[in-house]
Every structure is written in C-alpha cells, then in structure tokens.
Amino acid sequence: MNIFDLAGPTAEPASALCSRKACRAHAEWQLLWNNPKIHTPERRKIWLACPEHRAWLEDYLQTRGLWKETLPLHSTPDEAAVGAG
C-alpha cells in the first residue's frame, strides 16, 4: 500500500485560468513572450488569457518589447508553424 492511496482519489486537474491579476476566467489563449535582457532568444514564457483580457495582456507585453506571438490555448508553436506552411 502506498501512503498516497490513503488520500483517496486525486482531484481533477485545475482548468487553465487567465494570467490577468484577479481574473478567474477560463483561458482560451496563450501569449508567448521573453525578456531579451534575461532569456535566450529561443526561450518562451507563457501567459494565459481569457478573451476579455487577451488584448490588454498583449498590449502590456508589446509595449515593453516582450511579446512574441499569441496562439490558441491548445496549440503549440510547432503546430502553428505546420499550419502556416
């Protein structure tokens, strides 16, 4: 018997939530960004965005020169490149 078996069934994974402060809405977009002062060029950090806050978060990142691209939540940069070709 494993000690973790005593805890009972595990909870469902949490849904992806918007990264905007205090927003609890379900995220539908991923905003890929990096800070060239501290990250290598290929590194991508991800913020999640609900439809309401997508533009605000993109503007925040673009104003600071950090934004790289925005993708639907369930796609990856590799999938986007294949779809674009």
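Tally Lys/Arg at +1 and Asp/Glu at -1 over every other residue whose Cβ is under 12 Å from the Cβ of residue 46; what's the total?
Net of charged neighbours comes to +3.
Non-local amide H neighbours of residue 28 (under 5 Å, H modeled in plane, Pro and chain starts lacking H): which ones?
Close amide H contacts, sequence-distant or interchain: 49, 50.
List, in order, the whole-Hz ³J(HN,Hα) value for each residue of segment 47-54 obtained from phi through the Karplus relation with A = 6.51, B = -1.76, C = 1.60 and θ = phi - 60°; use x for Gly and Pro.
Listing the rounded values in order: 10, 9, 9, 7, x, 5, 9, 4 Hz.
With Cβ to Cβ distances under 15 Å as the rule, what net charge do the other residues near residue 33 carry (K, R +1; D, E -1)?
Local charge sum for residue 33: +4.
Quick note: the coordinates plus some simple rules give every number you see, no bench work behind them. Because the structure is predicted, anything quoted here is derived from the model rather than measured. Glycine also receives a Cβ, built like all others from the backbone with ideal geometry; neighbour counts cover every protein chain displayed.
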